[in-house]
Every structure is written in C-alpha cells, then in structure tokens.
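Below is one structure, written out as structure tokens; comments come after it.
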Amino acid sequence: MKVSKTIELVRQLVKEARRTGKTIGFVPTMGALHAGHVSLIDTAKQKCDYVVVSIFVNPTQFGPSEDFDKYPRPIEEDLKICQKAGVDLVFNPTTSEMYPDKNITCVNVEKLTDNMCGRSRPGHFRGVTTVCAKLFNIVSPDFAFFGQKDAQQAIVIKRMVADLNMPLEIVVCPIVREQNGLAMSSRNKYLSPQEREDAAFIYKSLQKCREMVDSGIRKTETIIVQMRNILEKKASIKIEYVSIVDEKTLENIEVVQDKVLAAVAVRIGSTRLIDNIPIDIST
Ligand code: AMP
C-alpha cells in the first residue's frame, strides 16, 4: 500500500494504474475509520482494480462552532485498517496541500442543500461539494463510493456529478450499524457508554417510522409526532430535526408516497449524530 501526502504523487500513481488497464475506485473519508468505511472499501475492491482512499479532515465543511479541532485523527490506526482492507493508495494531504491559497472558487449545489443538514449547518455542503470536486479532479476515479449514512451528502454529490458532467459514477453503500442499531460514525467516539445506549433511540425512532408506514399510515405529521416521542424518552437527546422528505427533492412532504427518506439529526451532549432510512412504497 502506498501513502501519499502530495497531489502530484497521487496523479502519478493513478496514471500508472490506469496505464495497465486498471479501473480506479475512490473512497473519500475524514479518517477515524470504522466498519462503515471498511464496507465502502470492500465494495470498491469488488468493483474496481485499484482502490484509493483519501483521509482528510476538510476544514471548509465545518462551521466556526463545530468540532474541526477536536475531530479524531488516529492516522496510524487508519493506515493499518486500510492496509488490512487491501487499499492500494491512501491520500493523506495537509490542509496547505489541498488549500495552498484561500479558495475563491466553490461548487454550490442549490435547492437540495436547503433542507435538513443544509438548514442546520450553513455552508457545510458547499465545503463538501468543493472538496469532493477537488478530490475527484486529483484522483480521477471511475467510481466513487459514499455511504447512505450521509444520505443528503450522497444525493448532493450525485447531482453535482450529473450537473457538471464529471466523468465518474457515484455508488451509494448501505449503513453499517452497531449491535444496538446506532449507525457507525467517527463521532461515536465522543459518546460515553450511557450516551451510546441512549443513541440507540435514534434508530428506534426510524424503525417506528417504517412500522407506521408498513401499517398503512401515510400522514407524515402523525409519524413524526411518534418518532419525536421515542427520541424524547431520553433526556440526553436534543432533536435538531426529524424529517420525512421526498427522496429526489429532499423537500418535506405531507403524505408518504413512492420513495421517501426518513431522517433524524440530534445532539447528545455536544455530539451531533445523524441517521436515516429510505422507504419505498412504490411497488
Ligand atoms: P466520513 O469519514 O464521516 O466523512 O465518511 C466517509 C464516508 O463513509 C461517507 O461517504 C460516509 O457516508 C461513509 N460512512 C460513514 N459512516 C458510515 C456507516 N455507518 N455506514 C456506511 N457508510 C458510512
């Protein structure tokens, strides 16, 4: 496994791989890798001949009062995980390698970023799309792999790729969960054992949504009240949003139909956690 801190070396190694006829798979991450990330790498390895993982805590997607400084950066452990997973190349740039000058060019996906995390984290998606556009230009992958865990991010990135004719395909992989249902996240490291138990109620609220839809309930207001009731059982959980949105537009809907996304964002202590389930009643 090769590790590169420079854009130049990544370009050179990917070029060599491509010259030998290999397809390039790319998994962008912020490190503190867990089984969710590994599932993306595994899928990339199944689909592609040469797998690149980036580990970069991107400052431009964090708000001024967010956890950029304290975000975990266990690079040695991360490299071991990548090695074990069979990654070919890890790109671990410094901030100055990625942003030698203050960026005055940004990619902004409109509308799809207005609701949910876009509403509660102004500027976040602009940081995400801009860094992904840069990473795609550096790595030039055939496929890039994203997690359903960050559902809005995956939809926004797909739209950026389509709108800007970027020559790659986005593959979205299912959410990997802890035994208690909590979606795996690098931020779970911040949780105390009690908070981790409480956090299981996030998935419980989403399961309630699925149960209600399965039992024929379609009014989102009725479902959201019940989801909130479950989350409110734990005093440690502070709800940021509980939304049921159209899977394509990400706009709130009044009635469940076709394909929708039920999504939750909460805070437990100072830790922000998100989760979602896609629901398809179109068939
Ligand atoms: P991050 O390092 O948090 O920026 O995540 C990097 C990629 O891993 C993103 O595409 C995430 O959606 C994905 N990811 C994070 N957690 C999970 C999970 N529990 N299951 C599947 N994918 C995940």
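The values are calculated or read from the model by the stated rules, or taken from the named source; none is laboratory data. All values reported here derive from a predicted model rather than from experimental measurement. Glycine gets a Cβ as well: all are built from the backbone with ideal geometry, and neighbour counts include every protein chain shown. Calculation scope for accessible area: heavy atoms of the full protein, side chains included, ligands and nucleic acids excluded. Shrake-Rupley method; radii C 1.70, N 1.55, O 1.52, S 1.80 Å.
Examine region 171-179 for a residue that is within 12 Å of the ligand (Cβ to nearest atom), in a helix (DSSP H, G or I), closer than 14 Å to A35 by Cα and in contact with a Gly (Cβ under 7 Å, 6 or more places away or on another chain), and state whether such a residue exists.
no
Checking the structure you have, find out if any residue of region 136-153 is without any contact (Cβ under 8 Å) to a residue 12 or more places away in the chain and more than 21 Å from L250 (Cα to Cα).
Scanning region 136-153, I find at least one residue that is without any contact (Cβ under 8 Å) to a residue 12 or more places away in the chain and more than 21 Å from L250 (Cα to Cα), so the answer is yes.
For every residue, the table says whether it meets (1) under 28 Å from A262 (Cα atoms); (2) surrounded by fewer than 21 Cβ atoms within 10 Å (Cβ to Cβ); (3) among the hydroxyl-bearing types (S, T, Y); (4) at pLDDT below 95.
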| residue | (1), (2), (3), (4) |
| --- | --- |
| L33 | yes, no, no, no |
| Y50 | no, no, yes, no |
| F56 | no, yes, no, no |
| R73 | no, yes, no, no |
| K84 | no, yes, no, no |
| C106 | no, yes, no, no |
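Only one of (1) more than 22 Å from R18 (Cβ to Cβ); (2) more than 10 Å from the ligand (Cβ to nearest atom) fails for H37. Which number is that?
(2)
Do the conditions hold for A133, that is, is it open to solvent by less than 20 Å² (accessible area, probe 1.4 Å), in a helix (DSSP H, G or I) and either of a type in the set (V, I, T) or in contact with a helix residue (DSSP H, G or I) (Cβ under 8 Å, 6 or more places away or on another chain) (or both)?
It is true that A133 is open to solvent by less than 20 Å² (accessible area, probe 1.4 Å), in a helix (DSSP H, G or I) and either of a type in the set (V, I, T) or in contact with a helix residue (DSSP H, G or I) (Cβ under 8 Å, 6 or more places away or on another chain) (or both).
Which residue out of R228, R196 is within 16 Å of the ligand (Cβ to nearest atom), open to solvent by 40 Å² or more (accessible area, probe 1.4 Å), not polar (S, T, N, Q) and not in a loop (DSSP other than H, G, I, E, B)?
R196
Confirm whether S140 is within 24 Å of S39 (Cβ to Cβ), open to solvent by 10 Å² or more (accessible area, probe 1.4 Å) and touching a Phe, Trp or Tyr at 6+ places or on another chain (Cβ under 9 Å).
Yes: the conditions hold for S140.
Could you list, ordered by first residue, the pairs with Cβ atoms under 7 Å in which the first is in region 209-225 and under 16 Å from N276 (Cα atoms) and the second is assigned to a loop (DSSP other than H, G, I, E, B), at least 6 apart or interchain?
Cβ pairs passing all conditions: V213/V256; V213/I281; T220/I253; T220/E254; T220/V256; I223/I217.
Return yes when V90 is touching a residue at least 40 places away in the same chain (Cβ under 8 Å) and within 12 Å of the ligand (Cβ to nearest atom) and no when it is not.
Considered against the rule, which asks whether it is touching a residue at least 40 places away in the same chain (Cβ under 8 Å) and within 12 Å of the ligand (Cβ to nearest atom), V90 comes out as no.
Taking the conditions exactly as written (within 16 Å of the ligand (Cβ to nearest atom), surrounded by 20 or more Cβ atoms within 10 Å (Cβ to Cβ), not small (G, A, S) and not in a strand (DSSP E or B)), does L206 satisfy them or not?
For L206, the condition - within 16 Å of the ligand (Cβ to nearest atom), surrounded by 20 or more Cβ atoms within 10 Å (Cβ to Cβ), not small (G, A, S) and not in a strand (DSSP E or B) - is met.
Identify the residue in region 19-31 that is out of contact with any Pro (no Cβ under 9 Å at 6 or more places or on another chain) and more than 15 Å from the ligand (Cβ to nearest atom) and, among all such residues, is most open to solvent (accessible area, probe 1.4 Å).
For region 19-31, the residue satisfying everything is R19.
With the requirement that a residue be within 19 Å of S205 (Cα to Cα) and either open to solvent by 40 Å² or more (accessible area, probe 1.4 Å) or assigned to a strand (DSSP E or B) (or both), what does region 254-263 give you?
Once the filter is applied, which keeps residues that are within 19 Å of S205 (Cα to Cα) and either open to solvent by 40 Å² or more (accessible area, probe 1.4 Å) or assigned to a strand (DSSP E or B) (or both), region 254-263 yields E254, V255, K259, V260, L261, A262, A263.
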